[in-house]
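The values are calculated or read from the model by the stated rules, or taken from the named source; none is laboratory data. On a predicted model such as this, the values are computed, not experimentally measured, just so you know. Glycine also receives a Cβ, built like all others from the backbone with ideal geometry; neighbour counts cover every protein chain displayed. Side chains included, ligands, DNA and RNA excluded: accessible areas come from the protein's heavy atoms. Shrake-Rupley method; radii C 1.70, N 1.55, O 1.52, S 1.80 Å.
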Amino acid sequence: MKSCKILYPIQTSFLDYPDNQSLALVICFIGCEHNCPGCQNKKLQSLDYSNGVLEFESFDEMKSFINQNILNLLKRNHTNKIVFSGGDPLMLNNREFLDIILQTLPDDIDVCIYTGYVIDRVKEMNLHFDKIKYFKCGPFVKSLSRESYKNDIEMCLASSNQGIYDNKFNELSNNGILKF
């Protein structure tokens, strides 16, 4: 049986959800196989990383954590938004656990997944796409990097090759900039 690690405690952010108003829980998975030069979360690439993490040894442990902790955190923070980031939540080691989370979450939760995979690769993955509202896809490319930001008008991703997509895989951004 595989295990899965996430950073703990869970943080909140206004910057990571692709709209101009929402606070979101940000759940960071440990492990990434992209190894992008200049990665902002280099330490989270290694599955051996263990500083400030929770490890789940079973799907039942993950379901229990969602029901006992994540749903309460959403209520306490007056939001229904979650961003799954990392590392990479779609890395093979994490993907099955992410899918269990997606199945466990109530239908009124809006999910955004940050991944280094390109959208065509994401389409091939067997996930509960109906539970996902947005994807931020694409590897970080240092030569295409810039300062990322979010304001009332737009969200600018850290690398111009990255894009924001809806759950039907339509790109909503242009050159890594999402207009609101």
Over its alpha-carbon atoms, the stretch 104-180 yields an Rg and a Dmax in Å of 12.8, 40
Specify whether the C-alpha gyration tensor of the stretch 21-65 places it in the rounded, prolate or oblate class, a ≥ b ≥ c being the square roots of the eigenvalues: rounded for a/c under 1.5, otherwise prolate if a/b is larger than b/c and oblate if not.
oblate
Looking at the chain, identify the longest residue range that excludes and avoids all GluC sites (Glu not before Pro) in DSSP loops having at most 16 other Cβ atoms within 10 Å.
58-146
Sequence-distant aspartates and glutamates (8 or more away, or on other chains) whose Cα lies within less than 13 Å of LYS136:
ASP16, ASP19, ASP88, ASP120, ASP166, GLU171
Could you calculate the FRET efficiency of GLU147 with HIS34 from 1/(1 + (r/R0)^6), where r is the beta carbon distance between them and R0 is 25 Å, rounded to 0.05?
0.75
Which one, LEU23, LEU98, LEU144, has the greatest fluctuation when you compute a Gaussian network model over the chain with C-alpha springs under 10 angstrom?
LEU144
At a 1.4 Å probe, what is the % contribution of carbon and sulfur to the accessible area of the stretch 18-143?
45
Residue-level accessible surface for ARG95, protein heavy atoms, 1.4 Å, Å²
40
Heavy-atom surface of the chain, accessible at 1.4 Å and reported per residue (Å²)
50
For the stretch 1-144, place one equal point scatterer on every Cα, skip the solvent, and apply the Debye formula. What is log10 of I(q)/I(0) at q = 0.11, 0.15, 0.17, 0.21 Å⁻¹?
-0.37, -0.72, -0.95, -1.51
